[in-house]
Amino acid sequence: MAGVLSSTVSPQTWLIFSNRKSSGVLNCSSFIFSGEKRGLVRCGAKKKISFTDQILDYIEGGPKLRKWYGAPDLLPKDGIIVEDEDEEPAEEEIRDAVLVTDGDSEIGQMVILSLIVKRSRVKALVKDKRIALEAFGTYVESMAGDERDKPFLRKALRGVRTIICPNEGFLSTVGSVKGVKHIILLSQLSVYKGADGLQALMKSNVRKLAEQDELTLVASGIPYTIIRAGLLQNTRGGKQGFSFEEGSTARGSLSKEDAAFVCVEAVDAVPQKGFIFEVVNGEEKISDWKEQLTKLMDKAEQQL
C-alpha cells in the first residue's frame, strides 16, 4: 500500500528502511522523504497498517539510519549508558539546537522526526533514555532527568536556541529557561475551554496546565509562538489544507502529524515578542510556511 504522510518537508531525500518481523504483519517497509511530499511504501504487508504502527516504523528507523549512514552504535556492549559530566562550558556556547520537551510522547516523536528530516540539531527530554537512544541514535541528544532540578535543566538547555513544547506542563514547572531565544507551545487550551459536561471535568487538570503554560510563557519576556490547535486527531497528515480563522479551534480538528509539522515550520519564523494563532485542517493550501506565518504575525500586530 502507499500513502502520503505529509505535504511539505526538507528538499533533501531520506530513505529509512525498517525490517520488522513481529506477528507477521509485514516483511519490509521503506519511508521516502523527498521535496514536497513524504511517501510511505510498504511491501509484503498482510493487513492494514495502523497509525501506531506507522509511528513505530518511523522510530525503528533510528538504528537502521545509523547503519545506513555509517554512524557508530551508541550503546556499549555491556549495556551501560555513561552520562556526560555536568561541567560548565569553558566559553560562550553556540545556540543552534532545538529542544523538544516530552520527547517520548506520540506527538513529541513526530516533532523530532520532522526536525531530523530538516537536519536540525535536536535535543529531547525523555523518560527513558535507553529507548530514545535505540530509536533515534546519533540524530538526537536524548536526556532523561527531573526538569525541576536546576543542574539537569541547565545541562539540557546548553546550546538550545528554540524550545518546542508539544504537550502541557513543562513551562509552568521549570520556571526560568535563561538563554533560549524562542519558545513554541502547541496549545489545546481552546479545545479544553470548549469542552462541557463530563469532558470538561475530565479535562480540568490539563486545562489548568495549559492556562499556566500560556501565562508563564507570556510573562517570560522570551519571544514566543503559541499555536492554538483544534482537537488533535490520529489522522494522516498532508491530506488536507489548513484554516487560520479566529475561533476555528473550538469546533475544528487537526491531524497530529500536521500539528507537529506546523511546530517545526514555526522554528524559522521568530516573532519580535509574542505571537498567537489558531490552526485547524481546512481548505487552504500552504506552499511557503515562513511567508504564511509572517502574514499571520503582521495581522496579529495590526489587531493590537
Whichever residue in the range 275-291 is of a type outside the set (Val, Ile, Thr) and crowded, with 19+ Cβ neighbours inside 10 Å and, among such residues, is nearest to Gln188 (Cα to Cα): Glu278
With respect to Leu113, determine if the residue is under 21 Å from Val267 (Cβ atoms), touching a residue at least 40 places away in the same chain (Cβ under 8 Å) and either not assigned by TED's automatic domain parsing to the domain that holds Ile184 or not in a strand (DSSP E or B) (or both). yes
Considering the range 176-221 alone, what residues qualify as being surrounded by fewer than 16 Cβ atoms within 10 Å (Cβ to Cβ), at pLDDT 85 or above and in a helix (DSSP H, G or I)? Lys208, Gln212, Leu215, Val218, Ala219
Being out of contact with any helix residue (DSSP H, G or I) (no Cβ under 7 Å at 6 or more places or on another chain), assigned by TED's automatic domain parsing to the domain that holds Thr225 and modelled with pLDDT under 95: is that true of Ala156 here? yes
Residue count, the range 156-175 (criterion: of a type in the set (Gly, Ala, Ser), within 18 Å of Val126 (Cα to Cα) and surrounded by fewer than 20 Cβ atoms within 10 Å (Cβ to Cβ)): 3
Can you find a residue in the range 284-294 that is outside any strand (DSSP E or B), at positive phi and out of contact with any Asp or Glu (no Cβ under 7 Å at 6 or more places or on another chain)? no
Restricting the range 252-274 to residues that are among the charged types (D, E, K, R) and closer than 12 Å to Gly237 by Cα, the residue that is surrounded by the fewest Cβ atoms within 10 Å (Cβ to Cβ): Lys256
Based on this model, can you work out whether Gly103 counts as over 19 Å from Asp268 (Cα atoms), under 14 Å from the mean Cα position of the chain (by Cα) and at pLDDT 90 or above? yes
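The values are calculated or read from the model by the stated rules, or taken from the named source; none is laboratory data. Note that the structure is a prediction, hence the values are computed from the model and not measured. Don't worry about glycine lacking a Cβ; one is built from the backbone with ideal geometry, like all the others, and counts go over all protein chains shown.
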